[in-house]
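These notes are about the structure you will find just below.
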Amino acid sequence: MLNSNIFLGFVRHKTATSEGLWAYSIAKSFGQSMRGMSDDARRSALRNEHYTAAALEQPPELSGLTPSQSKAIADETLRARFPSEIAGINEAKQVLESAGTAFETVRIAAENELKASGGQIQPGPAARI
């Protein structure tokens with residue numbers, strides 16, 4: 001098993017110097033050692049951001065995670081790193097849902113009006129361009 005202090009120091013240094021391929025190969029080796037951990041030890045290790053980064057740098061199976069666990073960790077990492085952006089996305093989703101509800105309400109009202117008037121549509125004002 002890799003010495004985590006040595007590993008973390010190398011990852012910090014190498015990723016800071018943008019040698020991502022090197023960091024990826026070390027993360028892959030590190031992930032393979034994570035795969036051998038017990039579930040409790042892996043959960044404990046994943047509380048450390050460097051372990052989390054190593055686990056997310058590779059396919060989930062290499063670190064002993066299921067795809068759903070890996071997705072949950074990635075989602076949590078995104079929420080922690082970009083809280084205001086995530087809040088903006090959620091707000092935009094709510095606005096779109098509200099607009100969709102308003103559109104559907106108008107559509108139903110127009111259908112009901114057409115049914116009530118026997119299908120006769122009164123011309124409205126001319127469009128201005």
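The values are calculated or read from the model by the stated rules, or taken from the named source; none is laboratory data. None of these values were measured; they are calculated from a predicted model. Neighbour counts are summed over all protein chains in view; Cβ atoms, including those assigned to glycine, are modelled from backbone coordinates with ideal geometry.
At-a-glance table
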{"item": "Top-ranked residue of the stretch 49-92 - restricted to ones that are in a loop (DSSP other than H, G, I, E, B) and exposed (fewer than 15 other Cβ atoms within 10 Å of the Cβ), ranked as modelled with the lowest pLDDT", "result": "P59"}
{"item": "The stretch 104-128 residues that are free of Cβ contacts under 8 Å to residues at least 40 places away in the same chain, paired with ones that are surrounded by 10 or more Cβ atoms within 10 Å (Cβ to Cβ) (beta carbon under 6 Å, 6 or more apart)", "result": "none"}
